[in-house]
């Protein structure tokens with residue numbers, strides 16, 4: 001009698017006798033947890049490794065498919081409102097032909113923050129199916145709140161997505177207009193971030209925007225890493241910066 005046979009016999013003897021024959025699920029469960037000589041540990045590891053690759057590939061494909069402008073405007077609320085405004089801005093059409101799409105501005109690049117944003121976006125999908133903003137009137141009624149949510153997120157992350165393209169350390173102030181160069185340097189020294197001054201850069205400001213902006217400023221204030229910024233600028237000052 002082999003070891004496997006002995007173990008099976010001992011398991012059957014220890015199991016309570018219910019008088020009922022095992023069903024398909026019971027037989028599968030027993031097979032799943034029973035040792036077998038037919039499949040080696042190496043084979044099991046290989047199968048698990050391949051299955052993991054397939055799962056990860058499928059998961060990543062779905063994530064990337066939902067991380068496109070086409071997916072973003074598949075909801076008519078986005079296509080008929082903010083997307084049409086965005087098409088009239090420099091982020092859509094400009095002299096260099098470099099476009100910033102919806103995900104570029106609203107979805108983090110790094111995996112951890114991207115996944116957090118995807119989970120948060122499930123609330124937006126929920127309201128889409130509820131029809132919370134399925135008309136122009138409903139959308140405009142919630143517009144200030146929706147804009148404030150985005151401003152808050154960008155403020156607390158130091159305009160992280162803006163900095164994927166606009167890194168202030170690499171700015172050349174000598175080729176900027178004097179007013180822009182002065183404003184940039186003054187804003188950075190005060191601990192301001194991109195979204196503080198550029199709220200209407202891709203979408204029009206909603207009614208009551210100033211009240212919402214003032215409330216946000218009182219709540220969050222300047223960014224807290226200003227000392228780190230000043231040290232960074234001192235080590236690598238932007239070209240044309242006033243020291």
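The values are calculated or read from the model by the stated rules, or taken from the named source; none is laboratory data. Since the structure is predicted, the reported quantities are computational estimates derived from the model, not experimental observations. Methodologically, a virtual Cβ is constructed for each residue, glycine included, from the backbone with ideal geometry; neighbour enumeration extends over all protein chains shown.
With 221, 200, 228 as the choices, which residue is out of contact with any helix residue (DSSP H, G or I) (no Cβ under 7 Å at 6 or more places or on another chain), at positive phi and either at pLDDT below 90 or surrounded by 11 or more Cβ atoms within 10 Å (Cβ to Cβ) (or both)? Criteria check complete, one pass: 221. Kindly indicate whether residue 91 is out of contact with any strand residue (DSSP E or B) (no Cβ under 7 Å at 6 or more places or on another chain) and surrounded by fewer than 16 Cβ atoms within 10 Å (Cβ to Cβ). Spelling it out, it is not the case that residue 91 is out of contact with any strand residue (DSSP E or B) (no Cβ under 7 Å at 6 or more places or on another chain) and surrounded by fewer than 16 Cβ atoms within 10 Å (Cβ to Cβ). Of the listed requirements (1) closer than 17 Å to residue 153 by Cβ; (2) touching a residue at least 12 places away in the same chain (Cβ under 8 Å), residue 110 misses just one: (2).
Would you point out the residue of the stretch 127-140, among those that are assigned to a loop (DSSP other than H, G, I, E, B) and in contact (Cβ under 8 Å) with a residue 12 or more places away in the chain, that is farthest from residue 203 (Cα to Cα)? This residue is 134. With respect to the stated conditions, residue 143 is in a helix (DSSP H, G or I) and surrounded by 13 or more Cβ atoms within 10 Å (Cβ to Cβ). For the stretch 171-183, a residue qualifies if it is closer than 25 Å to residue 101 by Cβ and modelled with pLDDT under 90, and exactly one does: 171.
The number of residues in the stretch 148-176 being more than 17 Å from the chain's Cα centre (by Cα) and closer than 27 Å to residue 113 by Cβ comes to 7. Within the stretch 150-170, the residues that satisfy the criterion of being outside any loop (DSSP other than H, G, I, E, B) and either in contact with a helix residue (DSSP H, G or I) (Cβ under 8 Å, 6 or more places away or on another chain) or modelled with pLDDT of 90 or more (or both) are 150, 151, 152, 153, 154, 155, 156, 162, 163, 164, 168, 169. In summary, residue 92 fulfils each of the numbered conditions (1) closer than 19 Å to residue 122 by Cβ; (2) touching a helix residue (DSSP H, G or I) at 6+ places or on another chain (Cβ under 7 Å) with the single exception of condition (1).
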